[in-house]
Amino acid sequence: MEKSTVIGTNRTGIDMSPIDIKEMVALANATPASSPGDEQAIADMRGQYVAEAGVPGSIPPPGTLKGVASTAMQKLTGKNPEAFIDKLGCRLAFERSGVRLYDALIAKCSSVSAGSSEIPLETLRKFRNEELQHFKMVEGAMRSIGADPTAQTPSADVDGMASLGLVQVLTDPRTSVAHCLEAILIAELADNDAWQLLIVLAERMGMDDMAREFGVALREEEDHLIHVRQWFRKAVLDDAAVTH
Ligand SMILES: [Fe+2]
Ligand SMILES: [Fe+2]
């Protein structure tokens, strides 16, 4: 695998020019903040915004109740189906992003500079296709309770925001396979936890068949996590030349 770390002219640290340390510290001390106030003022300002803000989105009412199994609707009666739909929408969006993350990792591992990448592309493609299957699984689950899988739910929105950095790491042409594996590891850790929680939620909503189906996805996600963790660990140890 290609080396992730190289020695170069990194100028971000103070040790690059010890002769200038005194002057740099003096400048930092002499330069006041651009606005008055301290951390408390920032917290107060945020508090004001929080008090005035609305919510990041809402759950659309079911577009059609036609074709929705009445047993499904009965099971959800007296519960809060919108909270369930929110999390289903979140999983759906995350699995779709998962496909794109793996697509980017496959492109990275197939690139000339990472030609010596030891990660089997076949396994990556398998994981990528499983993420797609999970996306379809959640889509079907949403339709079965009359929810619109094309609507972006609030949790999906928040999750998308949180995952932005991962996509950027994967698609940055300068990042190494190891950098990308670290980003995928973050995604898979979150994914594993989210599936576990979604299964509990489905069970408590009385959706036992759905929960069982989600169990299949969770087992595949566990396999993804084991592999990605192993690849990342090896990449870091190899980079430090301490594999053995
Ligand atoms: Fe996933
Ligand atoms: Fe996964």
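The values are calculated or read from the model by the stated rules, or taken from the named source; none is laboratory data. All of these numbers come straight from a predicted model, not from anything done at the bench. Glycine gets a Cβ as well: all are built from the backbone with ideal geometry, and neighbour counts include every protein chain shown. SASA here: full protein model, heavy atoms, side chains in, ligands and nucleic acids out. Shrake-Rupley method; radii C 1.70, N 1.55, O 1.52, S 1.80 Å.
At a glance:
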| item | result |
| --- | --- |
| Options Asp103, Asp148; residue that is assigned to a loop (DSSP other than H, G, I, E, B) and in contact with a helix residue (DSSP H, G or I) (Cβ under 8 Å, 6 or more places away or on another chain) | Asp148 |
| Leading residue by the ranking (surrounded by the most Cβ atoms within 10 Å (Cβ to Cβ)) among those in segment 1-52 that are of a type in the set (D, E, K, R) and within 30 Å of Glu182 (Cα to Cα) | Glu2 |
| Per-region count, segment 210-219, residues away from ligand 2 (no atom under 15 Å from the Cβ) and either modelled with pLDDT under 95 or surrounded by 15 or more Cβ atoms within 10 Å (Cβ to Cβ) (or both) | 3 |
| Residue in segment 200-209 that is open to solvent by less than 40 Å² (accessible area, probe 1.4 Å) and within 14 Å of ligand 2 (Cβ to nearest atom) present | no |
| The listed residue being within 26 Å of Phe84 (Cβ to Cβ) and either acidic (Asp, Glu) or over 21 Å from the mean Cα position of the chain (by Cα) (or both), out of Gly215, Gly160, Gly146 | Gly146 |
| Of all residues in segment 152-177 being open to solvent by 40 Å² or more (accessible area, probe 1.4 Å) and among the polar types (S, T, N, Q), the one that is farthest from Tyr102 (Cα to Cα) | Gln152 |
| Residue check, Glu222 open to solvent by 50 Å² or more (accessible area, probe 1.4 Å), acidic (Asp, Glu) and more than 16 Å from ligand 2 (Cβ to nearest atom) | no |
| Residue within segment 178-195 that is part of a helix (DSSP H, G or I), modelled with pLDDT of 95 or more, more than 16 Å from ligand 2 (Cβ to nearest atom) and surrounded by fewer than 16 Cβ atoms within 10 Å (Cβ to Cβ) present | no |
| Pair list, Cβ < 9 Å and 6+ apart or interchain, from segment 176-187 residues that are within 18 Å of Lys3 (Cα to Cα) to residues that are of a type in the set (Val, Ile, Thr) and within 12 Å of ligand 2 (Cβ to nearest atom) | Leu181/Val228 |
